[in-house]
Amino acid sequence: MHPPLLIAPLPRPILATIHPQALRHNLGRVRAAAGDARLWATVKANAYGHGIAAAWAGLRGADGFALLDLQEAEQLRALDWRGPILLLEGCFEARDLEHCSRLGLWHVVHCEAQIDMLAAHKTQVPQRVFLKMNSGMNRLGFRPERYRAAWTRLHALPQVDEISLMTHFSQADGPEGIAAQLARFEAVTADLPGERSLANSAALLRHGAALAAHSDWVRPGIALYGSAPDHPEHDAAHWQLQPGMSLSSRLIAVQELQSGDSVGYGATFTAGQPMRIGVVACGYADGYPRHCGTGTPVLVEGVRTRLVGRVSMDMLTVDLTPVPQAKVGSAVTLWGRAESGVVLPIDEVAAAAGTVGYELMCALSARVPVQVDDPL
Ligand SMILES: Cc1ncc(COP(=O)(O)O)c(C=O)c1O
C-alpha cells in the first residue's frame, strides 16, 4: 500500500495586485474634474475586473455605485454600503423590481417594457428611476422625440417617486466631443424637473467645464482604474492617473538562442544574433491578450523590454537583452506598477493587442490569484 500522495500546492507565480491607494487617488482626480456634481463610481463587470470587494477600500469615497448585476449590488450592501446604487441597464425582468425594493436600488428605465413592468409592479416602496435618452449612441434609451412621452407615463405611475434624466455620450473621447448630444438632451429636457446624470470618464476629463452646469451626477469608470479614456491621444500620466491593478509574474526559464533560432508556436520570432529569452508564467489563459505580438512592452526587474514570439496559453517569452542580470525567478510586470515603482501602462499593452485597457482589466482570468496591497 502506498501512502496517499500529498501534493503540495505549487502556485504559479502569476498574481494580480489591486492598489486601493491608487484607486482613491484616481477618485480624487475625477472628483476634481466633476466640480459640484456627485459621482457614481462605475463598478460594473466586477469593478472592471478588479473585484468589487478589492476595489471597495479605494472607491468607498464615491457618492454612489453604478453597475449592472444584482449580485454586485448585494456585495456592496454586504460591505455595508448604505448609499445610492444605480442599475445602469435597469431591470431585466419584473421580479428584479422586488430586489430593487429590498436592496434600495435606483434603476435606469430605457424602454417601454421597463415602464410596463413598473406599472404592473405591486409595491409599498416607490422607485427612483433614471430615464435614459438615446441622444445619439443608439444603444439604450428613448429617442429624443419619444422621451417626454416616456417621462409623462412614468410620472403618472404611483410606483415611481422620482425621475432623474440621463444620457450617455458616444464620442466624448474623440474630436466630435459631446456638443451635439448635449444639445439634443438639453433641447428635450430643459424644462423637465429632476436631477441629470451625464458623463463617463472621457466626457468628464475632456469636457468637465462644459458639463458643469448640466450634470448633477457623473459616471466615471475607466479613469478610476487608472486607464486613460482617450488613449493614445493622452496617456494615464497626462491625466495623472495611477494603475489600479498590476499583473505580475516571474521568469520560469531562460533560453540562450543562437542566431537563426526561433521562439514559440509558429516560429514568428527569429533571433538575428545570439540572445537570451525569458519564459514568463503568463499566457492567454490568464487574460493576457494573445494578439500581443513581438514588441509589446514588458518590464523585467523593472526594466522595459519586449515580448517576442506568440503568446501561448500559459507562457509568453521576452527579450532579456536589456536586462542581462535577469534569471529564473526574476520579477516580471505585464502591466501596472513594478516593485521599483516603474509603471507600464495597461493602455500600451492593450494598444499592442489592438484593444483598450477596459478589455484587459475585465478579461483577467479567474485562475489568477488577486491580492490587495496597501489596504487603507
Ligand atoms: C451608461 C454608462 N455610464 C458610464 C460608464 C463608464 O464609462 P467609462 O468607463 O468610459 O468612464 C459606462 C461604461 O461603459 C456606461 O455604460
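The values are calculated or read from the model by the stated rules, or taken from the named source; none is laboratory data. In this text, all values refer to a predicted model and were calculated from it rather than measured experimentally. For neighbour counting, all protein chains shown are included, and Cβ atoms are generated from backbone atoms with ideal geometry for every residue, glycine included. These accessible areas exclude ligands, DNA and RNA; they are computed on the full protein's heavy atoms, side chains included. Shrake-Rupley method; radii C 1.70, N 1.55, O 1.52, S 1.80 Å.
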Flagged in region 117-144 as open to solvent by 20 Å² or more (accessible area, probe 1.4 Å), in contact with an Asp or Glu (Cβ under 9 Å, 6 or more places away or on another chain) and within 14 Å of the ligand (Cβ to nearest atom), in numbering order, are Leu140
Of all residues in region 182-205 being near the ligand (Cβ under 9 Å from one of its atoms) and among the hydroxyl-bearing types (Ser, Thr, Tyr), the one that is surrounded by the most Cβ atoms within 10 Å (Cβ to Cβ) | Ser201
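Name the residues in region 93-116 that are within 22 Å of the chain's Cα centre (by Cα) and open to solvent by 20 Å² or more (accessible area, probe 1.4 Å), would you? Write out each step before concluding.
Step one: of region 93-116, the residues within 22 Å of the chain's Cα centre (by Cα) are 105-108.
Correct list: Trp106 only.
Identify all residues within region 41-55 that are of a type in the set (A, V, I, L, M, F, W, C) and either farther than 16 Å from Leu86 by Cα or part of a loop (DSSP other than H, G, I, E, B) (or both); write none if there are none.
Within region 41-55, Val43, Ala53, Ala54, Ala55 meet the criteria.
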Going by the structure shown, is Ala350 closer than 21 Å to Leu15 by Cα, in contact (Cβ under 8 Å) with a residue 12 or more places away in the chain, out of contact with any Ser or Thr (no Cβ under 6 Å at 6 or more places or on another chain) and crowded, with 22+ Cβ neighbours inside 10 Å?
-> yes
Residues of region 104-133 classified as more than 17 Å from Arg153 (Cα to Cα), touching a Ser or Thr at 6+ places or on another chain (Cβ under 9 Å) and not β-branched (Val, Ile, Thr), total = 2
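Step by step: first the residues of region 161-180, then only those that are assigned to a strand (DSSP E or B) and over 17 Å from Asn138 (Cα atoms), then the one that is nearest to the ligand (Cβ to nearest atom). Which residue is that? Let's see the steps before the verdict.
Looking only at region 161-180, we keep the residues that are assigned to a strand (DSSP E or B), and these are 161-167.
Cutting the leftovers down to over 17 Å from Asn138 (Cα atoms) gives us 161-164.
Details: Asp161: 22, Glu162: 19, Ile163: 17, Ser164: 13 Å.
Ranking the candidates gives Ser164 first.
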Restricting attention to region 196-219, does a residue exist that is assigned to a loop (DSSP other than H, G, I, E, B) and among the aromatic types (Phe, Trp, Tyr)?
-> no
Considering region 64-116, residues that are part of a loop (DSSP other than H, G, I, E, B) and within 14 Å of the ligand (Cβ to nearest atom), and then whichever is farthest from His25 (Cα to Cα), we arrive at His110
Residues of region 206-244 satisfying the condition of being within 14 Å of the ligand (Cβ to nearest atom), in contact (Cβ under 8 Å) with a residue 60 or more places away in the chain and within 27 Å of Tyr284 (Cα to Cα) | Gly221, Ile222, Ala223, Leu224, Tyr225, Gly226, Ser227, Ala228, His231, Ala236, Leu241, Gly244
Name the pairs whose Cβ atoms lie under 7 Å apart, with the first residue in region 255-281 and open to solvent by 50 Å² or more (accessible area, probe 1.4 Å), the second small (Gly, Ala, Ser) and outside any loop (DSSP other than H, G, I, E, B), and 6 or more positions between them or separate chains?
-> Thr270/Ser262
Any residue in region 159-179 that's under 16 Å from Ser135 (Cα atoms): show its pairings with residues that are open to solvent by less than 10 Å² (accessible area, probe 1.4 Å) and more than 15 Å from the ligand (Cβ to nearest atom) at Cβ separation under 9 Å, as long as the two are six or more apart or on different chains.
-> Leu165/Tyr147; Leu165/Thr189; Thr167/Thr189
